[in-house]
Amino acid sequence: MIWKKTRAAEDSAEFEEFAYSRGQHLFRTALLLCGDWHLAEDLTQATLAKLYASWSKVRRAESQDAYARSALVRAYLSHRRLRRTGERPALGELPEGIAPEGDPALRVTLLTALAELAPRDRAVLVLRYWEDRSVDETAAELGVSAGAVRSQSLRALGRLRAVLGPQAADQLLVP
């Protein structure tokens, strides 16, 4: 029992020394990979967390640096696979005005009407009409068939029109 506590304390101290000495290098590598300061920090932290969780294995590796770099690259590639958008913040000038918002009273009316619908009806309407998702995308998100989404959206729109009136429902569901 004493040996395990001592070994764990030694592992923890050894990992802290590794993280302190190699953390900046991992960060610079992450920054070069992704080009985003904040994402590089997140990737470095995630990599160090994974290394800490398997430190006994990392400690025995032939090259701890190579192991850490591989873990960092895998974390980066995993991040890119999960977030396929290539959105980057614009560094140019911001527009002078803001986009027109619409009538806040209509939004409150819509939220109140949606609250009266069943959760599945709300989900279908929000995904299909507010988020502008396709039938297939909505079906995948909800785990149902495309036909179920079509019929559910028709029924949910009917229920929403009954609560709001036909013109208000059509006006509110356009983002």
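Coordinate-derived values only; no laboratory data. Remember, predicted model here, so these are calculated numbers, not experimental data. Note: ideal-geometry Cβ built from the backbone for every residue, glycine included; neighbour counts use all protein chains shown.
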Stretched fully, the stretch from Ala140 through Leu82 gains (0.36 nm per residue minus C-alpha distance, one decimal, in nm) 19.3 nm
With the crude spin-label approximation of a point 7 Å out along Cα→Cβ, what separation in nm comes out for Ala118 versus Trp37? 5.1
Cα-Cα pairs in region 104-172 separated by more than 15 Å, as a whole percent of all pairs, come to 47
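Using 0.36 nm times the number of residues separating Val73 and Arg28, minus their current alpha carbon distance, what extension gain do you get? Provide the component values of the computation, followed by the final result.
On the way: separation 45, 0.36 × 45 = 16.20 nm, distance 1.23 nm.
Length difference between fully extended and current span is 15.0 nm.
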Counting Lys and Arg as +1 and Asp and Glu as -1, each charge on the Cβ, what is the dipole of region 2-82 about the Cα centre in debye, to the nearest 20? 360
In nanometres, what is the gap between the two model label sites at Ser12 and Ala49, each 7 Å from Cα along Cα-to-Cβ? 1.9
Figure the gain on full extension for Glu62 and Asp132 (residue separation times 0.36 nm, minus the Cα-Cα span) and round it to one decimal in nm. 20.1 nm
